[in-house]
Amino acid sequence: MKKRNEKPGRIITRTLEQVENRRITKAERERLKQVAALPDHQIDTSDIPEVTDRAGWVRVHEHPEHPLHRVLSRLLSIRLPEPDIALAQRLAESKGLPYQTYIKSLLHEALERERTLAERR
């Protein structure tokens, strides 16, 4: 991406990564605050094409791959043998995961596998 500099005739070239990771300036932050404070009907969206086909759209937070997507969970207390906990902790550490998250993922995978087998019968 090329951007004109304040100095005439000078072009600055940036990679996409540099553009995406760039910090916004104070002036840009202030302008965003001003636009955010405007009522919707005062914001000019005439340069944005109208979307007519929304087939296949899903709310972002409802998409299973979205980081804010959460399945309803419930607190559960369960007794596990010490050796199993120790093994889970070692395996989770080798994968860079908290051990409870690792146990939860193992349980989920096992339940999905059992469900699939039960549906085949």
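The numbers here are math on the coordinates, done by the rules we state, and not lab data. Computed from a predicted model, the values in this text were never measured in an experiment. With ideal geometry, Cβ positions are generated from the backbone for all residues, glycine too; neighbour counts draw on all protein chains shown.
At a Förster radius of 25 Å, what calculated FRET efficiency corresponds to the Cβ-Cβ distance of Ile12 and Gln34, to the nearest 0.05?
Numbers: r = 26 Å, r/R0 = 1.04.
Working from the Cβ atoms, E equals 0.45.
With each label modelled as a point 7 angstrom along the Cα→C-beta vector, the Ile24-Glu109 pair spans 4.0 nm.
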